[in-house]
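Heads up, the thing below is written out as structure tokens.
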Amino acid sequence: MSFLPIRFSTRAIPYLVFVLAALGLALVESLGGGVDLHDIDDMMRAVEVQRLFEGQGFYDLSLPMIAMPGPYIAPWSRLVDIPYVVLGALFAGVAGADAGLRLAFLVWPPLMLCGFAATLLCAMRQLAPPDKPLRTGEATLALLLLVAGVNEFAPGRIDHHNVQMLLVMTILCGISVWSRRGACLAGVASVLSVAVGLEMLPLVALVMLAVAMAFVFDGDKARGFARGYAVTVLVMAPLSALLLLGPDGASRTSCDAYSAPYVSGFIGYGLGLAIVSLVPASSSRWMRLALLGLAGAGVCGGLAFSFQTCLAGPYVAVDGLTRSLWLDQIRQEHSAFSLLSGGDWSFVGAYFAPSVLLLLLIPALQRRIRLADTRTILLYAVAVGLVVLGCLQLRFGRFMGLGVAVLFPLLLRQWRDDRQVMVSWLAASTGAWVAAVAAIVLVFPSGPPLLSVFEGRCKNADLSVLHALPPGRFLTPPRVGMAMLPELSPGQSISSVPFHRAAPGIHRALVALLADDPESRAAAFRPFDYVALCPQTLPDAYQHTVFSALLAGKGWPGVFRIDNPTPSNFRVYRIDHTHLR
């Protein structure tokens with residue numbers, strides 16, 4: 001069976017139809033939001049790519065125009081930047097440097113969509129019955145489960161989420177192939193998924209555990225896949241670290257980015273599973289489980305001892321004030337349960353199809369368990385993990401449909417074979433889902449609404465006043481700083497952007513604009529020359545602060561408004577530290 005579904009025959013029709021339909025959805029998304037970069041992740045990635053394109057060192061991830069007052073060090077992977085820089089250089093010969101890079105931003109995401117479609121249909125074809133190959137309608141129908149995800153491939157969506165989706169689908173494709181070749185594919189994608197962003201670590205950990213358990217319970221049938229996966233992870237972890245981080249970066253401990261703790265974890269897993277997979281075929285399940293348990297305990301214990309600071313999680317550097325007033329108010333950091341109990345129903349529809357289809361797949365799963373089909377059991381476990389992660393944190397919502405889409409051929413086959421039973425399952429699954437949502441609303445205590453202190457976004461604001469100002473440091477709320485970032489003149493810098501590594505700058509802005517103590521306020525203002533704001537609504541608890549006074553246009557002793565030559569809701573204030581109160 002073909003590894004990828006692209007052939008110049010009728011077998012290519014489902015692929016072509018799927019790609020065209022997905023591109024259509026992505027273009028609708030792009031036109032709906034304009035061809036400009038869509039969100040803060042895209043904007044930040046553009047700045048990072050631009051600096052690399054202009055000659056910044058490959059391993060230098062500093063952004064000195066974000067001064068907190070120390071420079072901001074981006075935690076993101078250069079793996080995402082490379083294609084844009086390469087394409088930008090190619091297009092620059094025809095369109096010029098700026099236009100070439102912008103063209104790369106528009107072209108590369110749809111090209112990744114083609115790869116995403118190839119890996120998805122590869123996995124679906126592996127699960128389709130030999131006598132009933134995948135049909136065009138079935139492949140296109142699976143697209144309905146991926147609407148939210150496909151939008152990540154719209155032109156201009158240059159953040160890392162589309163890369164992560166491609167890598168996750170590559171993992172699923174590798175498992176579906178269920179051979180050493182597939183194991184290598186899944187192993188490479190697993191390591192690179194974490195290298196691109198630590199948010200995929202829970203899913204990759206689930207895949208690693210599932211592969212190990214497959215070897216425990218399926219012995220020789222899973223031995224080749226497990227060993228191939230382990231060896232690939234073992235080799236790929238240090239290789240990716242050296243190539244993407246350099247020797248210094250690979251040995252550095254960064255709890256919030258791919259670095260020594262995670263490279264060490266991969267190496268420990270790969271080495272342990274590879275060694276245990278050498279046990280004789282006559283060994284019992286309990287022996288394999290005991291050996292893997294000992295190896296896992298040793299690896300986890302070693303990691304916990306060697307990297308103790310990371311036991312507090314990736315946000316260990318975010319202080320309490322910044323966490324409570326900024327990080328905890330970000331919607332994507334919350335679970336579906338907390339938002340439901342708080343009365344936020346806006347996301348519920350997107351959770352319905354993946355959740356109900358997982359329940360509908362149970363009869364097909366039972367059949368596969370009886371057939372000892374380890375491959376399908378693993379895929380179902382990953383699909384469940386994706387939905388659970390989406391419930392635990394909204395940031396995973398875009399990934400929820402990936403696993404269910406791969407398993408779609410099994411669902412259709414079960415529906416054709418026993419429609420009456422499946423109708424009953426559909427009714428029961430829908431009822432169970434509705435009951436679960438109702439239970440969450442009734443049982444979970446209602447939490448306080450999300451009230452961000454920093455909401456100003458400077459949408460459509462004229463920032464031209466920046467070009468008339470001399471070099472200096474701007475104290476900014478995070479989203480105001482993000483809007484200013486592309487418009488800064490040489491010598492100008494901002495204090496914060498809406499990313500956790502800017503927590504020191506966000507903390508200074510909170511203290512400077514909200515603190516009651518004049519000394520604390522003056523100390524927070526001291527490194528900066530200007531304050532920049534955009535209009536926003538401030539929670540009632542902060543109505544008698546520097547922030548509220550400046551938003552109301554009343555001014556503050558030592559903080560003076562600079563006239564904007566053109567009407568704009570973007571406001572800049574000069575700080576006079578000698579008269580600041």
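The values are calculated or read from the model by the stated rules, or taken from the named source; none is laboratory data. Remember, predicted model here, so these are calculated numbers, not experimental data. Don't worry about glycine lacking a Cβ; one is built from the backbone with ideal geometry, like all the others, and counts go over all protein chains shown. The protein model used for the area step is the full one, side chains on, heavy atoms only, and it has no ligands, DNA or RNA in it. Shrake-Rupley method; radii C 1.70, N 1.55, O 1.52, S 1.80 Å.
A few comments on the model shown:
- Taking 26 Å as the straight-line reach from the Cα of residue 221, the lysines in range (excluding those fewer than 8 positions away in the same chain) are 132.
- Estimated at 0.36 nm per residue, the fully extended path between residue 392 and residue 82 surpasses their Cα-Cα distance by 108.4 nm.
- Sorted on the mean count of surrounding Cβ atoms within 10 Å across their residues, most packed first, peptides 520-528, 209-217 read 209-217, 520-528.
- The alpha carbon gyration tensor of the stretch 422-581 gives principal lengths a ≥ b ≥ c with a/c of 1.5 or higher and a/b greater than b/c, which makes the shape prolate.
- Under the span-like rule (Cα at least 20 Å along the axis, Kyte-Doolittle mean at least 0.0), DSSP H helices of the chain: 13-33, 78-95, 97-127, 161-177, 180-196, 201-218, 220-251, 260-276, 285-306, 374-392, 419-443
- About its Cα centre, the chain has a charge dipole of approximately 1640 debye under the convention of +1 per Lys or Arg Cβ and -1 per Asp or Glu Cβ, with nothing else charged.
- For the stretch 391-493: accessible area per residue (Å², 1.4 Å): 47
- Sites residue 253 and residue 562 - FRET efficiency at Förster radius 56 Å, r taken between beta-carbons, to 0.05: 0.85
- Fully extending the segment from residue 438 to residue 312, taken as 0.36 nm per residue of separation minus the present Cα-Cα distance, adds 42.0 nm.
- Protein heavy-atom accessible surface, 1.4 Å probe, per residue over the stretch 17-155: 39 Å².
- Built amide H within the under 5 Å cut-off of residue 72, gap 5+: 63, 66
- Highest-first arrangement of 292-302, 466-476, where packing means the average Cβ count within 10 Å: 466-476, 292-302
- Share of carbon and sulfur in the accessible heavy-atom surface of the chain [1.4 Å probe, %]: 65
- Separation between Cα centres of the stretch 515-579 and the stretch 117-159, rounded to whole Å: 51
- The alpha-carbon of residue 459 sits under 18 angstrom from the alpha-carbons of these aspartates and glutamates, leaving out residues fewer than 8 places away in its chain: 36, 39, 41, 42, 487.
- Accessible area expressed per residue, the stretch 213-277, with surrounding protein chains retained (probe 1.4 Å, Å²): 36
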